[in-house]
1. Kindly indicate the residue of segment A:86-99 that is in contact with a helix residue (DSSP H, G or I) (Cβ under 8 Å, 6 or more places away or on another chain) and more than 7 Å from chain B (Cβ to nearest Cβ) and also surrounded by the fewest Cβ atoms within 10 Å (Cβ to Cβ) among those meeting that condition.
2. Take residues that are in contact (Cβ under 8 Å) with a residue 24 or more places away in the chain, under 18 Å from B:ARG250 (Cα atoms) and within 11 Å of chain B (Cβ to nearest Cβ) and tell me which of the strands (runs of 3 or more DSSP E) falling wholly in segment A:1-83 contain 2 or more.
3. Would you point out the residue of segment B:121-134, among those that are surrounded by fewer than 18 Cβ atoms within 10 Å (Cβ to Cβ) and hydrophobic (A, V, I, L, M, F, W, C), that is nearest to the chain's Cα centre (by Cα)?
4. Got a sec? Which of A:LEU277, A:LEU225, A:LEU243, A:LEU282 is surrounded by fewer than 19 Cβ atoms within 10 Å (Cβ to Cβ), out of contact with any Asp or Glu (no Cβ under 8 Å at 6 or more places or on another chain) and touching a residue at least 40 places away in the same chain (Cβ under 8 Å)?
5. Restricted to segment A:100-122, and to residues that are assigned to a helix (DSSP H, G or I) and out of contact with any Pro (no Cβ under 9 Å at 6 or more places or on another chain), which residue is nearest to A:ASP179 (Cα to Cα)?
Amino acid sequence: MKALCWVGTNKLSVERIPDPEILNPHDAIVRVGLSSVCGSDLHLLDGYVPTMREGDVIGHEFMGEVVEVGPALKKMKRGDRVVVGSVVACGGCWFCDTGQYSLCDNGNAHAAVAEKALGYPPAGIFGYSHAFGGYSGSHAQYIRVPFAETGSFIIPDGVRDESALFCSDAFPTGFMAADMCGIEPGDIVAVWGAGGVGQMAMQSAYLLGASRVIAIDRFPERLALARQHARAETLNYEEVDVLEALKEMTGGRGPDRCIDAVGMEAHTPGAEHYYDLVKQQLRIETDRPAVLRQAIMACRKGGTLSIVGVYGGLIDKFPMGVAMNKGLTFRMGQMHAQKYIPRLLDYVQAGAVDPAYMLTHRWPLERGPEGYDMFKHKTDKCVRVAFQP
Amino acid sequence: MAATKRSSRAATSAGYHPRTPATGTSHVNVGPAERVVSALAGAALAYAGAQRKSKAGGVALAALGTSLALRGATGVCPVNGLFGRNSATRQPAPIEIKETFTVYRDLSQVYGYWRRFENLPTFMEHLESVEELDERRSHWVARIPGGLGTVAWDSEITRDEPNRLIAYQSLPGSQVDQSGEVRFRQAEGNKGTELQVVLHYRAPLGKLGKGVAKLLNPALAELIRSDIRRFKMMMETGEVPTIEGQPSGRGHDQG
């Protein structure tokens, strides 16, 4: 089959590789219908996530059709049209049983490797380095899905492929970001990053009762989508002083809840950006935490910071004194796909949210390297490229 | 890694049987326990070497690993020969490996599965088989990593307290000198069963022996830890997650 492989830092290549086979009793094989790029892939491409190996198939946000089911699966059958969560979780451990799927004890095929790096191993993630299990990703014609009945969800009739696709990762991540905020009626929610996850976080904040949502980004087309689809007020950080503007927009209090949907490769105007970039290039710090710093400064006293942008390692100049003395609450984590997907498919089926607008480019897999290049540099007003293998 | 040094009190409470004289041929100069430790650690090192990115370092590790594995398989150590050292007839000090996991299953289920020693090879990769001879005695066969054959020994249960503790040790005169103690306890807050496994192996005597044991313990502990992790995975999911055999740009993955 054809697959998009990582072959080195910022190098991707479309290769012919063997078809996947059932390896474990709870496996299924899915013929990939649509497979989306994700901002978190850029950290892999840029070489900031260790334990990538040459030849790894990337991609973790996908939907498709079941073509083969393992002997231990009871409900799943060939022909099922499914969306699959990007997180590989077993469904049988204490973490899964309490809805914390991304912390699953058994979903990671390389638990010992992850344990060395993190102390305790998190769940696996498709196509997301060997620290997260080393599972082959979804930018391929077929994919093996371990613990398939835990991670796959039948797409309701009437829901289009492109609407279901983002229920795999972007929507649950954005929804969990809003969920972790603990939104109360009257809350103003500020969201840094108006990409796929940010867009979904904004819509989810309204679903969970926010009064107002403010989006912060620098790309006019993304801010326009936030206004148009997510009813957000928008700030372009290249045009205004974000801290001043947020203060003004919130009666001098600051936003009640702040969501970081950017993560470790944040961009900021001015000297701070170059400070972090240089430290990152020299590997003195691994992550550029500009959004995190700004959100800590911006947040209302006693407010909540919800972090779903991916961080990989160490940061510095973290204003802990501000966070402590303002009494902030921090919530963060990889998202619990399996917990949220059924609820999100209901929203999509009911027409409350249709994430399909984020799919700006629908390309064949052969254009994978070009697609990532466009996505990374945000040319051609690209929000998300999905490959149709 | 939870491998910790032991206190001398705990060492005596586990009840080690005295070593019987070795009966091997004249050129065997590596004791049985040391052979198993050598073989296991050798295989681990060889594997680590093969995984290494730096070629020279990898080859060196793999070479060291392979020679250790061979030493384990044959019982002949050229270094021992050179120094006139013979650990086959000496009384080694025990080394301890201790690993702890919580298994999200009922106490009786976790104890029950472990108590049937015949189940052990389903998650202990180096074990080929365990046959229960009667209520207390069992026959164990382990593979020496790298396809270098097998070792076998008989083991006896010394304590069995249902849902609490299983202790066992190899019988005097066995090819392998090993004892194990497995403790079970209900975890607070409905989180399942806490499982602690403590294994003892004989290590060689003397300063050199202590050094070797120190060196080998982490590799061995890692093997045991992955065995117990597989037990947890089998109990909680019925399978052990793997990528061995999946396709990638490298062909089929080896795991």
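Every number in this text was worked out from the coordinates using simple rules, so none of it is lab data. The model shown is predicted, which means the values in this text are computed figures rather than measured ones. All Cβ positions, glycine included, derive from the backbone under ideal geometry; neighbour counts span all protein chains shown.
1. Here the residue is A:GLY99.
2. Working: elements: A:2-8, A:11-16, A:28-36, A:61-69.
Because the criterion is at least 2 residues that are in contact (Cβ under 8 Å) with a residue 24 or more places away in the chain, under 18 Å from B:ARG250 (Cα atoms) and within 11 Å of chain B (Cβ to nearest Cβ), the strands (runs of 3 or more DSSP E) in segment A:1-83 that meet it are A:2-8, A:11-16.
3. Among them, the one singled out is B:LEU127.
4. Values: A:LEU277 fails: touching a residue at least 40 places away in the same chain (Cβ under 8 Å); A:LEU225 fails: surrounded by fewer than 19 Cβ atoms within 10 Å (Cβ to Cβ); A:LEU282 fails: touching a residue at least 40 places away in the same chain (Cβ under 8 Å).
Testing whether each residue is surrounded by fewer than 19 Cβ atoms within 10 Å (Cβ to Cβ), out of contact with any Asp or Glu (no Cβ under 8 Å at 6 or more places or on another chain) and touching a residue at least 40 places away in the same chain (Cβ under 8 Å) leaves just A:LEU243.
5. Step one: of segment A:100-122, the residues assigned to a helix (DSSP H, G or I) are A:101-103, A:111-118.
Restricting the remaining residues to those that are out of contact with any Pro (no Cβ under 9 Å at 6 or more places or on another chain) gives A:101, A:116, A:118.
Working: A:TYR101: 15, A:LYS116: 30, A:LEU118: 25 Å.
Per the criteria, the residue is A:TYR101.
Results for (1) surrounded by 24 or more Cβ atoms within 10 Å (Cβ to Cβ); (2) more than 11 Å from every other protein chain (Cβ to nearest Cβ); (3) not hydroxyl-bearing (Ser, Thr, Tyr), shown as yes or no for each residue.
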position	(1), (2), (3)
A:ALA112	no, no, yes
A:GLU115	no, no, yes
A:ALA123	yes, no, yes
A:GLN141	no, no, yes
A:PRO156	no, yes, yes
